[in-house]
Structures are given as structure tokens and as C-alpha cells.
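Below you'll find the structure, written out as C-alpha cells, and then a few comments.
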Amino acid sequence: DSATKYEAPSSVPVGVDPSRASIARVYDAALGGKDNYEIDREVLDQVRRVAPEVNDLAWSNRNFLTRAVRFLSDQGGIRQFLDCGSGLPTAENTHQIAQRIDPETRVVYVDNDPVVIAHGQALLTDNDYTHFVSADIFRPDEVLNSELVRKHIDLTQPVGLLHVGTLHHYTKDNGRDLMKEYVDALPSGSFVAISHFFDPETPEHSALARKMEDIFVHSPMGSGMFRTRAQLMEFMPGLELIPPGPNKPADWELSDMWWPDGPKLRPLSQVEQCSAAAVGRKP
Ligand code: SAM
């Protein structure tokens, strides 16, 4: 079985099971990170058989996060971020992007993966404006009532709520009530940014989306839904959508009013057609 097939590395952090894939570590592997085990890389290898450019799914997501935080800090004037499902630290993290615009921007990261928690706490020891909470992001009450969130996020001032690359792992229902609970807690002028695996409902790319979903769901990672545009709208209850979302992150790049990243030098890969993002503002 998988427990005997995958040998534990000599030093495994407490609470980490190297015989089971973790969302955070699979994502780290797709971004070319080093904090992952063979079982995590095997999930990607399975998907790679039907989608050779599977890593693009992670990169289009991460590049969107960078642009969204820059946009919300710069044009949206956001000075406090609640980053749900922050993932392992990588080259550019939310606090580095936001604090480049204002060094006193507060960022609270939330995750429940033991490897993410260990790295997150190590990364943040020297930053008074950045904090890490261990909580279940699919239980908004747990996140919003946690001591550190209450202490460092002022819910009378606009907040940037990030659910980037997380909601495709939420499979209980359509997610409207989940996100409504978050949105209800935010004051007017707050923003919500999401990105998600996407079924673009075109004959060619829907088939690819369904194949990747089938592999993720039956892999040791256990989840990864590809939702349609109408399904993604359920995650944005009562929000004014910033054009052109929900749409492919690459389409946001093209909309240079919001995302001035310059012209695209190559066509989108098949996999990049299966990733979507949205940003909404609470009126
Ligand atoms: N937001 C980052 C980004 O876009 O680059 C990381 C995305 S990563 C694909 C998803 C993260 O969500 C992982 O770090 C995982 O541990 C976290 N996550 C998944 N389910 C969670 C839950 N129920 N509670 C807290 N964190 C969760």
C-alpha cells in the first residue's frame, strides 16, 4: 500500500504524513518548490499524462495572486489582507507585494497544513505587520473569530479577502453560503479575490477540465473541482465584479486598465484555458 511504497524521508516534521499527498505540497511541486514528497509529485505526474503543461495551472494561479494583491493595494487602497489558504512561502508572498506599496499593510495568513504553518511562522518572525493563523478556511467563523484575526484585522476598515487557489478544494456544496459568511463580515469597500480550476464550457477544453478533475479527485490529494463561470459566480455573493471576471487570469493580463503586464508573447497553453479568476468589491 502507499504507506510502504513511499518511504518516509529521514526527518519529517511532526504532524506530516509523507504517505498522503497534501494540497500545499502538490502546489509547491507544481511551482518548482522543494517542500514536497514523492507522493505529491506523483499526483502531478498522473495529471501530466493528460495535461503535459499541468504546472501552468499553478503558475497562472500564482501570477494572478501577485497581480491581484498589487491591484488591490495600489488602486483599491487596501491596507489589510486576509489571505485564506496562503500555501508555502514562495518567491513573492502577499505581504511582500502589499508592503512594497505600504510597509504598514497588515497581512494575516490562514492555512491548516502543518508544513505551511512551520514555514509561515519561520518566515514571519521579523515582521510586526504579518501574522499566521492555523484554521480551517472552509469554516469562516473559525477564521473570523480567531484571536489573531480579531487583533490584526479591523473589520470597520476595507479588507482584501483572498481565496486564491482554494475553493476548488471545497466540495461540500456550491460555496455560496460559505463565501456569504465572509462577505457579510466585511465592511463596504472591501474586495474579494478568488481563483479556481475552470471548465470554460468549450468542447475541447471542457473535456480536458473533466479529465483533470477526475484524476485530482481520485488521486491521493482527493479534491480539485473544475467549475463553470456560473458556478464561480456563486462564490461572489452581493459583490460588484471588476471586469472582465470571472475569466481566465490571462484575460486579466490583457485588460491593461487593471493589469498592466505588457503584451503576451505566447499563446495560452491548453491548461491555462482551465483556470479562472474573479475580483469583486463590496458596495
Ligand atoms: N493561495 C496560495 C496561492 O494561490 O498561491 C496557495 C494555494 S494552494 C493551491 C491551497 C492552499 O489552501 C494550501 O496551502 C492548503 O494547505 C490550503 N487549504 C486547503 N484546504 C484548507 C482548509 N480547509 N483550511 C485551511 N487551509 C486549507
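The values are calculated or read from the model by the stated rules, or taken from the named source; none is laboratory data. Quantities reported herein were computed from a predicted structural model and do not represent experimental measurements. Cβ placement follows ideal geometry from the backbone for every residue including glycine, while neighbour counts extend to all protein chains displayed.
List of remarks:
- Taking the listed residues R67, R20, R41, the one that is surrounded by fewer than 23 Cβ atoms within 10 Å (Cβ to Cβ), closer than 23 Å to G280 by Cβ, touching a residue at least 12 places away in the same chain (Cβ under 8 Å) and of a type outside the set (S, T, N, Q) is R67, with no other qualifying.
- Checking each residue in segment 41-65 for being away from the ligand (no atom under 12 Å from the Cβ) and of a type in the set (G, A, S) picks out only A51.
- Given (1) assigned to a helix (DSSP H, G or I); (2) closer than 19 Å to V26 by Cα; (3) of a type outside the set (S, T, N, Q); (4) free of Cβ contacts under 8 Å to residues at least 60 places away in the same chain, index of the condition M212 fails: (4)
- Segment 93-131, residues that are more than 10 Å from the ligand (Cβ to nearest atom) and either on the phi > 0 side of the Ramachandran plot or in a strand (DSSP E or B) (or both): R106, V107, V108, T130, H131
- Some residue of segment 52-61 being more than 16 Å from T166 (Cα to Cα), surrounded by fewer than 17 Cβ atoms within 10 Å (Cβ to Cβ) and modelled with pLDDT under 90: no
- Identity of the residue in segment 187-200, modelled with pLDDT of 95 or more and surrounded by fewer than 21 Cβ atoms within 10 Å (Cβ to Cβ), that ends up nearest to R70 (Cα to Cα): G189
- Filtering segment 132-170 to residues that are within 13 Å of the ligand (Cβ to nearest atom), assigned to a loop (DSSP other than H, G, I, E, B) and at negative phi leaves A135, D136, I137, F138, R139, S146, T166, Y170.
- Subset of segment 66-92 that is within 18 Å of I137 (Cα to Cα), within 14 Å of the ligand (Cβ to nearest atom) and not hydrophobic (A, V, I, L, M, F, W, C) - its residue that is modelled with the lowest pLDDT: P89
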